[in-house]
Every structure is written in C-alpha cells, then in structure tokens.
Amino acid sequence: MESAVQEEKEPESTAGSPDRRGLLIGGVVLLACLGLVGYGLLDTEEQPKPRAVPTAEVTYEVTGTGTADISYLARSEAGTATVEKGVTLPWTKSVHISLGKVPSVAFVLDEKGGQASCALAIHEKHVQRATAAGAFGRATCTGGTRAQQG
C-alpha cells in the first residue's frame, strides 16, 4: 500500500508584494480623475455670448408745476416700472427699451395739485402727450416700439 502523502503548500506570503488587482484598480481610478481634470483645464471653448437685443431710445418728459410721483418703463429683465417719488417738475429721462416693449410714463400729482403734462418720444419722434390738473391729478403716456425692418 502506498501511502499518499500530500504535501501542503504553504500560502505564498503577500506581505512584501502589493496585490496586482488593487494596483490596477487604483491606476484606472487615477487615470479617470486625471482625464476629467485635464478635460476641464483644456476645454477652453468660449461659451456663446447672448445676442444683443435691439433697443429704441425713448425720452420721457413730465412738464408743469407741482410735485409728482412718476413711474416709467426702462430696460430691465423683469419688465417692471421704475418709480421716482416726490419729483419736482419739470422732469426728463432718456432710456433704451427693447423693441417690442411698450414704453410708458405715468404721473400722479401730490395733494397740493398743480398742472402737468407727460410726453413720450421714440427715436426723437413725438408719440403722445397727456395732461392732468388738480390734487392727485394723473395722466399716462404710452407708445409702441417696432422691430426694425431691413
């Protein structure tokens, strides 16, 4: 009878050598990170600039006597009116309005009253005039801007 002698192999010591799979995974992760950083640094393509919106020059004018609160539309993203309170008349303001927006100026006289008129001009061309008198007298002038045809 032969005796089967099995030799047990001792596991190889890995204490002194790094695990190859761990190195491979670490290398791949490092390359991926470097690639992303490199892409971010080298991707210097300029972003397209927003198109300039065509505008029209608008002149608002409130003439007369007294003191008034004046609201007018100026170029803004929100499209809200600008309000100036307690303005001593006469008053004039030139602004740029995006084409297609409706320029508007309105005033309200104070409790002392007076007499006043608003006027609106687009590209120096008179568009509208309105008049109000007395305590808390009010008037509004509006006009339209058209897209340039060409």
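A compact table of results
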item: Flag if residue 116 is over 14 Å from residue 57 (Cα atoms), part of a strand (DSSP E or B) and open to solvent by less than 30 Å² (accessible area, probe 1.4 Å); result: yes
item: Every residue from region 95-112 that is of a type in the set (S, T, N, Q) and open to solvent by 70 Å² or more (accessible area, probe 1.4 Å); result: none
item: Every residue from region 59-82 that is open to solvent by 50 Å² or more (accessible area, probe 1.4 Å) and modelled with pLDDT of 95 or more; result: 61, 69
item: Breaking point among (1) surrounded by 15 or more Cβ atoms within 10 Å (Cβ to Cβ); (2) at pLDDT 90 or above, for residue 90; result: (1)
item: Test result for residue 131, in contact with a strand residue (DSSP E or B) (Cβ under 7 Å, 6 or more places away or on another chain), under 11 Å from residue 70 (Cβ atoms) and among the hydroxyl-bearing types (Ser, Thr, Tyr); result: no
item: Matching residues in region 51-95 - criterion: being within 22 Å of the chain's Cα centre (by Cα) and among the basic types (Lys, Arg); result: 51, 75
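The values are calculated or read from the model by the stated rules, or taken from the named source; none is laboratory data. What you are looking at is a predicted structure, and each value in this text was computed from that prediction instead of being measured. In this analysis, Cβ positions are derived from the backbone assuming ideal geometry, glycine residues included, and neighbour counts consider all displayed protein chains. Protein only, heavy atoms only, side chains kept; ligands, DNA and RNA dropped before computing areas. Shrake-Rupley method; radii C 1.70, N 1.55, O 1.52, S 1.80 Å.
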